[in-house]
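Engineer: Take a look at the following structure, please.
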Amino acid sequence: MSSVNQILIEKQGKVGIVNFQTDKLNVLLHSLRADLYQAIQQLLADAEVESIVLAGSNKAFSAGADIAEFSAGTYLNFPSLHDLVHLISDAAKPVTAAISGTALGGGLELALACHHRAVHAKAHLALPEVHLGLLQGAAGTQLLPRYIGVETALDAILTGKPLKLSALKDSALLDVLTDADVKQAAIEFASALGTQPVHIKHQRIQSTDALNDLLQQKREAAGNKPQHIVQHAIINAVQAAMDLDFEAGFAQEQQLFQQLTSSDISKSLRHAFFAEREAKHIPNLDAATAAKAIERVAVIGAGTMGSGIAICFLQAGYPVTLIENQQVGLDRGLALIAKHFAGQVAKGRLIEETAAAIQANLQTSLEYSALAQVDLAVEAVFEDWDVKTTVLQQMDQHLPAHAVLASNTSTLDLNQLSQQTSRPESVVGLHFFSPAQIMPLLEIVRTDSTDQATLKTALDIGKRLKKTAVVAGVCDGFIGNRMLNAYLRIAGLLIDAGASPYQIDRALENWGMAMGPFRMCDMAGNDIDYMIRKHQLKLNPTKKFSGFADQLFELKRFGQKTQKGWYDYSQGNRRGDVDAEVIALIDAYRAEQGITAKAFSDEEIVARCIYALANEGFRLLEEGIALRQSDIDVVYLAGYGFPRWRGGPMFYAQQTGSDVMTASMQQFAQDPYTDADFWQVPALLAQAAA
Ligand code: NAI
């Protein structure tokens with residue numbers, strides 16, 4: 001990353017001001033650090049200047065360090081943020097930070113190094129490093145507790161949440177809290193200061209039994225899973241702030257920071273962060289083509305998905321027309337939407353007036369003619385070729401020429417569907433996940449005909465709906481469900497070979513998946529899973545599936561909705577109880593198939609299931625369905641409960657090593673009950689291994 005820096009030094013009376021502004025929200029790149037270092041030195045050497053103000057831009061004091069420098073190791077190059085912290089905190093003249101907009105991470109640490117701070121009441125101050133599996137690297141863990149107390153500081157660092165400024169107005173952090181011009185307030189404050197600064201770092205925090213107990217409680221609450229090393233490191237750094245003087249505490253923080261930087265946990269979390277940023281950039285888009293302006297939206301089909309999609313658009317401020325072919329469908333959808341907003345009010349997330357105002361933006365219709373004033377229509381009608389074709393043709397007939405025709409289909413061939421309209425270039429898939437108003441993932445499905453303006457519009461919509469959008473090509477299941485199908489198939493075949501569904505779920509949940517595959521099927525419905533298997537078999541009759549899941553379907557053990565599935569829910573346990581009946585059924589099934597059950601280690605179960613995801617991911621890359629490995633990770637993190645601290649299935653495979661994965665796959669293929677064809681090593685992986 002590079003930035004264009006504007007550094008302006010000015011003087012007002014005896015106050016010297018360093019104004020700094022870059023085109024990158026004052027991210028503390030090396031060039032900015034060097035400019036700041038030099039400017040501060042210049043004012044320190046200027047005999048006319050008695051007091052210094054560091055003034056960021058209106059938007060940002062500083063958005064923090066450049067995370068890429070942590071991996072590259074260049075963050076310590078002179079002048080590092082440490083050098084700036086020392087220069088400022090040891091300065092012989094008082095330094096006051098003027099903060100408006102954001103002061104995040106290293107940006108806030110820069111402000112903490114100053115002797116004083118004037119802060120705008122709406123400024124956003126936070127130390128969000130925990131989300132990247134890191135703690136502060138420039139004395140944040142040592143200084144923040146000195147300013148606002150151990151408990152509040154520790155909470156802020158452990159959660160990464162913004163500081164509540166109004167609650168801190170009497171703390172040493174905020175010398176001035178103002179709604180007015182922060183820079184002017186800082187200059188006035190600095191003019192009235194004496195000339196002998198003493199930095200708070202020289203004050204020791206009183207270590208008390210109560211504080212030690214608090215830290216111990218936090219340690220116990222943090223948990224002991226591998227990913228919790230981050231929380232423990234943070235608590236240890238704050239402990240050092242209590243037990244040691246500033247320099248020793250800072251050294252301890254640095255050691256912990258370096259441990260975390262090189263940990264797999266932080267590498268994975270940083271990968272996830274960059275992968276999400278990258279997913280927004282679509283290669284080869286023509287800069288001259290603009291996205292279409294979307295003012296009015298229609299959603300067709302007011303079922304589970306349609307209602308959720310309508311909520312998403314309403315919450316993002318769009319007027320929405322909900323269209324159904326029967327009043328009863330509309331009534332059901334309206335009830336779902338009303339229930340959602342009532343819930344938001346009950347939970348205190350929306351005030352009643354706002355909820356009412358949002359819902360006033362919703363209109364309904366039983367006529368497609370209502371599409372005439374609409375810029376974007378999303379269909380979420382039954383997953384049936386004839387129904388979808390009819391609906392898309394109605395959309396084609398009634399929507400204005402500039403409109404975007406979007407489909408939420410999850411399994412139908414969108415290339416072919418789009419050809420049923422007179423304008424396939426304006427057709428795009430907007431594949432929401434259930435419940436649409438909650439799940440962050442949105443797959444934007446680009447057909448062979450989707451034009452750039454339509455794609456750009458879909459990307460804009462994703463942003464406006466605050467979804468994590470990933471562009472995919474057309475195939476059965478797109479990115480996410482196609483990988484899920486492979487994962488479920490391999491998990492099912494493991495049961496044939498000898499593993500129990502409960503061991504498989506437990507192994508994957510212990511590994512970090514939010515839910516094991518069979519618990520997930522019970523939630524989504526084993527009837528749905530059955531239909532998906534049949535659909536896949538129609539496309540590829542030789543595909544190998546476990547026969548056992550069909551038995552559960554035939555017994556109407558559909559999962560949570562029938563109280564029984566892979567698990568038994570009849571005793572009220574929402575996670576389900578292990579069911580001896582299912583174990584007996586599996587035993588009988590294996591006996592019938594002449595299978596002698598083999599014992600599997602949890603490690604092998606995890607390897608088979610996670611490599612199944614990555615293996616299918618490599619195929620998606622080879623076929624050009626996914627643009628990048630990292631996009632596949634984003635899909636899995638945002639839509640499928642994959643542990644973020646493992647980075648995603650492709651990143652995990654990469655960390656494991658393509659040679660290790662290839663060797664394991666070759667070994668899995670020897671199992672007579674798995675699908676040897678599936679474990680054929682994809683060319684991309686073989687190349688990487690070679
Ligand atoms: P649903 O059965 O709950 O809703 C479908 C709605 O479409 C019903 O309200 C029905 O009355 C209405 N409808 C049917 N024909 C219509 C027509 N000609 N004109 C207007 N409305 C019509 O189905 P669901 O689950 O909401 O699925 C809808 C679409 O979303 C499907 O394409 C499905 O594959 C897709 N999808 C579903 C997901 C899920 O988890 N349920 C997830 C992602 C996509």
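The values are calculated or read from the model by the stated rules, or taken from the named source; none is laboratory data. No experiment lies behind these values; they were computed from the predicted model shown. Cβ atoms come from the backbone with ideal geometry, glycine included; neighbour counts cover every protein chain shown. Keep in mind that these areas ignore ligands, DNA and RNA; they rest on the heavy atoms of the full protein, side chains included. Shrake-Rupley method; radii C 1.70, N 1.55, O 1.52, S 1.80 Å.
Engineer: For segment 107-123, in order, what is each residue's ³J(HN,Hα) by Karplus, 6.51 cos²θ - 1.76 cosθ + 1.60 with θ = phi - 60°, in whole Hz (x at glycine and Pro)?
Structural biologist: After applying 6.51 cos²θ - 1.76 cosθ + 1.60, I find x, 6, 4, 4, 5, 5, 5, 5, 6, 9, 9, 10, 10, 6, 4, 9, 5 Hz.
Engineer: Please compute the Kirkwood hydrodynamic radius over the chain, one decimal place, Å, based on all pairs of different Cα atoms. Walk me through the numbers before you get to the answer.
Structural biologist: Working: mean 1/r = 0.0353 Å⁻¹.
Kirkwood hydrodynamic radius for the chain: 28.3 Å.
Engineer: Residues with amide H under 5 Å of VAL404's amide H, sequence separation 5 or more or different chain, H placed in the peptide plane at 1.01 Å from N; which?
Structural biologist: When sequence neighbours closer than 5 places are left aside, the close amide H contacts are LEU376, ALA377.
Engineer: Still on this structure, please answer the following. Using a 1.4 angstrom probe on heavy atoms only, work out the carbon and sulfur share of the accessible area of segment 297-472 in %. Present the calculation step by step, with values, prior to reporting the outcome.
Structural biologist: Working: 3620 of 7150 Å².
About 51 percent, which is the carbon plus sulfur part of the accessible surface.
Engineer: Please work out whether segment 480-689 counts as rounded, prolate or oblate from its C-alpha gyration tensor, where a ≥ b ≥ c are the square roots of the eigenvalues and a/c under 1.5 means rounded, while otherwise a/b larger than b/c means prolate and anything else oblate? Before the final figure, lay out each step's value.
Structural biologist: Values: a/c = 1.68, a/b = 1.45, b/c = 1.16.
Since a/c reaches 1.5 and a/b is larger than b/c, the shape of segment 480-689 is classed as prolate.
Engineer: If r is the Cβ-Cβ distance from ALA47 to SER434 and R0 is 60 Å, what FRET efficiency results, to the nearest 0.05? Before the final figure, lay out the partial values.
Structural biologist: Numbers: r = 69 Å, r/R0 = 1.14.
For ALA47 and SER434, the calculated efficiency is 0.30.
Engineer: Follow-up question, since we're still on this one. Please report the net charge: other residues with Cβ closer than 15 Å to the Cβ of ARG349, K and R +1, D and E -1. Kindly include the intermediate steps, with their values, before the conclusion.
Structural biologist: Values: positive: LYS339, LYS347, LYS466; negative: GLU352, GLU353.
Net of charged neighbours comes to +1.
Engineer: Same structure, new question: Rounded to a whole number of µm²/s, how large is the Stokes-Einstein D of segment 116-191 at 25 °C and 0.890 mPa s, given Rh as the Kirkwood radius over C-alpha pairs? Numbers along the way, then the final one.
Structural biologist: Details: Rh = 13.1 Å.
Approximately 187 µm²/s, per Stokes-Einstein.
Engineer: Using the eigenvalues of the Cα gyration tensor, what equivalent ellipsoid semi-axes result for segment 297-472 when each is taken as the square root of five times the eigenvalue, whole Å, largest first? Mind showing how you got there, number by number?
Structural biologist: Details: eigenvalues 129, 62, 40 Å².
Each semi-axis is the square root of five times an eigenvalue, giving 25, 18, 14 Å.
Engineer: Does segment 471-533 come out rounded, prolate or oblate by the C-alpha gyration tensor, with a ≥ b ≥ c the root eigenvalues, rounded set by a/c under 1.5 and, if not, prolate when a/b is larger than b/c and oblate if not? All intermediate terms of the calculation are to be shown ahead of the outcome.
Structural biologist: On the way: a/c = 1.87, a/b = 1.56, b/c = 1.20.
In terms of gyration-tensor shape, prolate.
Engineer: Under a 5 Å amide H to amide H cut-off, with H placed in plane at 1.01 Å, what residues pair with HIS124 once short-range neighbours are removed?
Structural biologist: GLY101, THR102, ALA103
Engineer: Multiply the residue gap between ALA669 and GLN327 by 0.36 nm, knock off their C-alpha separation, and tell me the result in nm, one decimal place.
Structural biologist: On the way: separation 342, 0.36 × 342 = 123.12 nm, distance 5.34 nm.
Computed gain between ALA669 and GLN327 is 117.8 nm.
Engineer: Then there is this: First select every other residue whose beta carbon is under 12 angstrom from the beta carbon of GLN203; then total the charges, Lys and Arg +1, Asp and Glu -1.
Structural biologist: Here the count lands on +2.
Engineer: Going by alpha carbons, how many degrees (0 to 90, nearest 10) lie between the helix axis of 246-261 and the longest principal axis of the chain?
Structural biologist: Helix 246-261 sits at roughly 20 degrees to that axis.
Engineer: Further question: Measure off, as a whole percent, the carbon and sulfur share of the 1.4 Å-probe accessible area of segment 144-206, all protein chains present. Intermediate values should be presented prior to the final figure.
Structural biologist: Working: 1600 of 3330 Å².
Solvent-exposed carbon and sulfur of segment 144-206 make up 48 percent of the total.
Engineer: How large a share of the accessible area of segment 28-105, in percent, is made up of carbon and sulfur atoms when the probe is 1.4 Å and the other protein chains stay in place? Mind showing how you got there, number by number?
Structural biologist: On the way: 1410 of 2680 Å².
Within segment 28-105, the accessible surface is 53 percent carbon and sulfur.
Engineer: From the protein chains alone at 1.4 Å, what is the descending order of accessible area for TYR652, TYR569, largest first? Walk me through the numbers on the way to the answer.
Structural biologist: Details: TYR652 60, TYR569 15 Å².
Heavy-atom accessible area, descending, gives TYR652, TYR569.
Engineer: Hey, can you rank 477-489, 9-21 by average C-beta count inside 10 Å, highest first?
Structural biologist: 477-489, 9-21
Engineer: Okay, next question. Give the residues of segment 423-454 whose amide nitrogen is closer than 20 Å to a point set 7 Å from the Cα of ALA290 in the direction of its Cβ.
Structural biologist: Inside the label zone: 426, 451-454.
Engineer: So what is the calculated 222 nm ellipticity per residue for the chain, using -39500 (n - 2.57) for each DSSP H run with n of 4 or more, over all residues, to the nearest 500 deg cm²/dmol?
Structural biologist: Working: 28 runs with 330 residues, N = 690.
Rounded to the nearest 500, it is -15000 deg cm²/dmol.
Engineer: Expressed as a rounded percentage, what relative contact order does segment 7-261 have, with Cα pairs under 8 Å and six or more residues apart? Please list the in-between numbers first.
Structural biologist: Numbers: 502 pairs, mean separation 47.7, N = 255.
That works out to 19 percent.
Engineer: Measure nothing fancy, just the Cα-based angle from helix 501-511's long axis to the longest principal axis of the chain, in degrees from 0 to 90, nearest 10.
Structural biologist: Taking Cα atoms only, the helix is inclined about 20 degrees.
Engineer: Oh, and also: What FRET efficiency comes out for ASP181 versus ARG574 if R0 is 45 angstrom and r is the Cβ-Cβ distance? Round to the nearest 0.05. Intermediate results must be reported in sequence, preceding the final value.
Structural biologist: Details: r = 54 Å, r/R0 = 1.20.
It comes out at approximately 0.25.
Engineer: Report the extension gain between LEU539 and LYS225 in nm, rounded to one decimal, defined as 0.36 nm multiplied by the number of residues separating them, less their alpha carbon distance.
Structural biologist: Details: separation 314, 0.36 × 314 = 113.04 nm, distance 4.17 nm.
Separation in residues times 0.36 nm, less the Cα-Cα distance, equals 108.9 nm.
Engineer: Still on this model: Given H placed on each backbone N at 1.01 Å, which residues far from VAL445 in sequence or on other chains put an amide H within less than 5 Å of it?
Structural biologist: Under 5 Å from the amide H of VAL445: GLY429, LEU430, HIS431, ALA472.
Engineer: Loop-only GluC sites (Glu not before Pro) in segment 30-102, please: DSSP not H, G, I, E or B, and at most 16 other Cβ atoms within 10 Å. Working shown, then result.
Structural biologist: Values: sites: GLU48, GLU50, GLU69; in loops: GLU48, GLU50.
Passing both the DSSP loop test and the Cβ count: GLU48.
Engineer: What residues of segment 143-173 lie in the reach of a label at GLN217, counting those whose backbone N is under 18 Å from a point 7 Å from the Cα along Cα→Cβ?
Structural biologist: Zone members listed by number: 149-159.
Engineer: Here is a further query. Can you give me the relative contact order of the chain as a percent, contacts being Cα pairs under 8 Å and 6 or more apart?
Structural biologist: Details: 1263 pairs, mean separation 61.5, N = 690.
That works out to 9 percent.
Engineer: Could you calculate the FRET efficiency of SER365 with GLU509 from 1/(1 + (r/R0)^6), where r is the beta carbon distance between them and R0 is 45 Å, rounded to 0.05?
Structural biologist: That pair, SER365 with GLU509, gives E of 0.50.
Engineer: Suppose all protein chains stay in the model; what accessible area per residue would a 1.4 Å probe give for the chain, in Å²?
Structural biologist: For the chain, the solvent-accessible area averages 42 Å² per residue.
Engineer: Read phi for every residue in segment 601-618 and hand back ³J(HN,Hα) as whole Hz from Karplus 6.51 cos²θ - 1.76 cosθ + 1.60, θ = phi - 60°, with x for Gly and Pro.
Structural biologist: Coupling constants for segment 601-618: 7, 4, 4, 5, 4, 4, 4, 4, 6, 6, 5, 4, 4, 5, 4, 5, x, 4 Hz.
Engineer: Next up: Pulled fully out, how much extra length does the chain show between THR304 and ILE282, if you take 0.36 nm times their separation in residues and subtract their Cα-Cα distance? The partial results should precede the final answer.
Structural biologist: Working: separation 22, 0.36 × 22 = 7.92 nm, distance 3.05 nm.
My answer for the length gained is 4.9 nm.
Engineer: Which angle from 0 to 90°, rounded to the nearest 10, does the C-alpha axis of helix 480-497 make with the longest principal axis of the chain?
Structural biologist: 60 degrees
Engineer: Accessible area of MET1, 1.4 Å probe, to the nearest 10 Å²?
Structural biologist: 120 Å²
Engineer: Also: Using a/c under 1.5 as the rounded threshold, could you call segment 7-261 rounded, prolate or oblate? The axes a ≥ b ≥ c are square roots of the C-alpha gyration tensor eigenvalues, and prolate needs a/b larger than b/c, oblate otherwise.
Structural biologist: Details: a/c = 1.75, a/b = 1.51, b/c = 1.16.
Taking the square roots of the gyration eigenvalues as a ≥ b ≥ c, segment 7-261 is prolate.
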